[in-house]
Amino acid sequence: MTDLRIGIVGVGLMGADHAERVARHTVGARLVAVSDPDTARAETLASRLSSGTTSPVQVIRDPLALIADDEVDAVILASPGFAHAEQLFACLEHGKPVLCEKPLTMDAASSLQVVEAEHKAGRSLIQVGFMRRFDPEYAALKELLDSGELGRTLLLHNVHRNKSAPPAFRSEMIVRDSMVHEVDVARWLFGDEITRITVHAPKPTSLVGDGVLDPQLAVFELANGAMADVEVFVNFQVGYEVRCEAVAERGSATIGLGSGVQTRSGGQWGGAMPADYRIRFARAYDLEVQRWVDAAARGQNDGPSAWDGYAAAAVCEAGIESLTTARPVDVDLADRRKVLG
Ligand code: ISE
């Protein structure tokens with residue numbers, strides 16, 4: 001078997017992390033090209049990852065040229081969300097498997113166009129970067145809930161805190177780029193669609209200012225009557241913390257209580273908190289990329305689909321509407337699902 005030749009579009013924080021992963025330890029894959037508007041950044045990364053190897057990593061300035069390149073078999077999109085739609089259409093046009101970082105696109109309408117274009121192309125080529133599905137703790141929670149051991153799952157309580165976010169991280173981005181993970185987690189754990197979302201904006205932290213609504217508190221209602229809540233707080237100051245408690249008929253299960261060694265000393269207990277998601281979810285990202293590569297090599301795709309990306313985009317769009325009114329906003333995907341047959 002020859003290696004799957006991967007091109008990465010966007011080598012900021014997440015793209016550079018994936019580049020390192022593909023170049024250094026993904027089995028059956030080879031990093032062949034990177035693209036970034038900041039050419040110097042792309043060149044520095046490419047030359048670092050080329051050194052000591054026999055296959056240099058090319059820098060291709062134009063992302064659409066990278067996608068079209070015959071030397072590239074599959075693409076990772078780690079560009080900003082606003083660039084995704086055009087780049088996804090290009091991947092579909094060239095028949096290339098693509099792992100697209102969330103959000104799939106910036107709104108429900110363009111996400112649905114992507115789903116329809118993939119449907120027309122007749123092949124499932126798009127996987128969305130909902131990496132939590134690959135995290136061993138989330139996977140174990142899903143397995144436990146699916147086993148029925150605790151009875152039917154009724155509720156999820158989620159906490160999602162980042163140490164800090166860049167000043168440009170506006171209120172809508174907290175929904176579209178951060179809360180979107182809990183949207184996917186709720187749909188995935190319950191195996192059902194979210195039909196209504198309400199987003200509240202409590203007293204905002206004084207450490208950000210400029211009208212940014214942080215933290216946010218949301219409630220998702222699912223078609224089967226179950227509910228999930230989530231606190232998203234992206235300027236928590238302390239570290240990165242993601243927790244999920246599932247409440248079922250005969251018990252509850254919690255994940256994300258602390259990574260690494262927990263100590264008790266000097267009247268205190270606790271342990272280290274990861275600084276960001278690349279550390280907390282390192283294993284999830286490794287498994288996500290490895291599974292994507294393995295499936296793509298078989299001509300398949302078994303991760304979160306374009307439909308999952310569209311459903312999350314539709315819920316987030318409703319969430320952003322709710323954020324300004326604190327009123328529940330309905331989400332209706334049923335008719336669209338029928339269109340796709
Ligand atoms: C970031 O883009 C991610 O995907 C992280 O998982 C999330 O925790 C963070 O809030 C987002 O900004």
- Query: Within the chain, what is the number of lysine pairs with alpha carbons under 28 Å apart, leaving out pairs fewer than eight places apart on the same chain?
  - Reply: 11
- Item | More than 18 angstrom apart: percent of Cα pairs within segment 132-238 | 50 percent
- Message: If you consider only alpha-carbon coordinates, what radius of gyration and Dmax does segment 1-109 have, in Å?
- Response: 13.0, 46
- Note on the structure: Once all protein chains are kept in place, H94 shows an accessible area at probe 1.4 Å, nearest 10 Å², of 80 Å²
- Kirkwood Rh, Cα atoms: Rg over Rh of the chain: 0.97
- Query: Suppose every K and R has +1 on its Cβ and every D and E has -1 on its Cβ; what is the size of the dipole of segment 1-60 about the Cα centre, in Debye to the nearest 20?
  - Reply: 160 debye
- What are the trypsin sites (Lys or Arg not before Pro) within segment 108-139 that DSSP puts in a loop, where the Cβ has at most 14 other Cβ atoms within 10 Å? R123
- Message: Helix-only mean residue ellipticity at 222 nm, the chain, DSSP H runs n ≥ 4 weighted -39,500 (n - 2.57), per residue, nearest 500. What is it?
- Response: -11000 deg cm²/dmol
- Item | segment 236-290 versus segment 1-37: alpha-carbon centroid distance in Å | 27 Å
- From most to least accessible, 1.4 Å probe, no ligand or DNA/RNA atoms counted, K203, K96 line up as K203, K96
- Query: Of G12, F220, F134, which is farthest on the positive side of the dipole of the chain, counting Cα position, with +1 on Lys and Arg Cβ, -1 on Asp and Glu Cβ, and the Cα centre as origin?
  - Reply: F134
- Message: Along the Cα→Cβ direction, 7 angstrom out, place labels at H157 and A140. What is the inter-label distance in nm?
- Response: 2.0 nm
- Item | At most 12 other Cβ within 10 Å, DSSP loop - trypsin sites (Lys or Arg not before Pro), segment 1-61 | R61
- Task: Take the alpha carbon gyration tensor of segment 184-341, find the square roots of its eigenvalues, order them as a ≥ b ≥ c, and report rounded if a/c is under 1.5; if not, report prolate when a/b exceeds b/c, else oblate.
- Result: oblate
- Note the full-extension length gain between D62 and D294 as 0.36 nm times their separation in residues minus their Cα-Cα distance, in nm to one decimal. 80.8 nm
- Message: Using amide H atoms built in the peptide plane, which far-off residues or other-chain residues are under 5 Å from V11 H to H?
- Response: none
- Largest fluctuation, V329, V34, V175 only, Gaussian network model of the chain with Cα springs under 10 angstrom, belongs to V329
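The values are calculated or read from the model by the stated rules, or taken from the named source; none is laboratory data. On a predicted model such as this, the values are computed, not experimentally measured, just so you know. Note that we place each Cβ from the backbone using ideal geometry, even for glycine, and neighbour counts take in every protein chain shown. Accessible surface is based on the protein model in full, side chains and every heavy atom, while ligands, DNA and RNA are left aside. Shrake-Rupley method; radii C 1.70, N 1.55, O 1.52, S 1.80 Å.
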